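Working notes for the structure below.
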Amino acid sequence: MSTTFSQLGVPQWVSEALARQGITEPFQIQKITIKEGLDGDDICGRAPTGSGKTLAFGIPLVVRTKAAKPRKPQSLILAPTRELADQICKEHKP
């Protein structure tokens with residue numbers, strides 16, 4: 001049986017947004033990290049290129065940022081290269 005984003009604690013509005021992009025099942029790295037990230041725990045993951053790392057860290061970030069107080073710093077994402085920064089930006093646009 002496959003795991004769904006909802007089973008990992010991802011809110012329905014996020015699951016629906018992912019489904020609109022054709023993303024319906026989490027990758028292994030996402031199964032391991034999303035719950036901890038949603039709980040506010042630090043997460044560290046390592047996986048090959050194309051294995052879903054950007055969303056593994058991004059989904060908890062988006063959910064927790066949405067719940068944060070307005071007008072306060074909410075998140076900072078650092079990337080070692082411009083190309084990776086562009087990828088992260090594209091993955092997290094509404």
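Each value in this text was obtained by applying a stated rule to the coordinates, not by laboratory testing. Not measured: the values here are computed from a predicted model. With ideal geometry, Cβ positions are generated from the backbone for all residues, glycine too; neighbour counts draw on all protein chains shown.
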Item to check | Residue in the range 50-86 that is nearest to Gln7 (Cα to Cα), counting only those that are surrounded by fewer than 14 Cβ atoms within 10 Å (Cβ to Cβ) and either under 11 Å from the mean Cα position of the chain (by Cα) or among the β-branched types (Val, Ile, Thr) (or both) | outcome: Thr65
Next on the checklist: Filter the range 52-80 down to the residues that are without any contact (Cβ under 8 Å) to a residue 12 or more places away in the chain and outside any helix (DSSP H, G or I) and list them by number.
Outcome noted: Ala67, Ala68, Lys69, Pro70, Arg71, Lys72, Pro73, Gln74, Leu76, Leu78, Ala79, Pro80
Item to check | Check on Asp86, part of a helix (DSSP H, G or I), out of contact with any helix residue (DSSP H, G or I) (no Cβ under 8 Å at 6 or more places or on another chain) and either in contact (Cβ under 8 Å) with a residue 40 or more places away in the chain or not hydrophobic (A, V, I, L, M, F, W, C) (or both) | outcome: yes
Checklist outcome for this item: Checked against (1) of a type in the set (A, V, I, L, M, F, W, C); (2) in a helix (DSSP H, G or I); (3) surrounded by fewer than 16 Cβ atoms within 10 Å (Cβ to Cβ), Ala47 satisfies every condition except (2)
Checklist entry - Taking into account only those residues within the range 3-33 that are assigned to a helix (DSSP H, G or I) and charged (D, E, K, R), which is farthest from the chain's Cα centre (by Cα)? => result Arg20
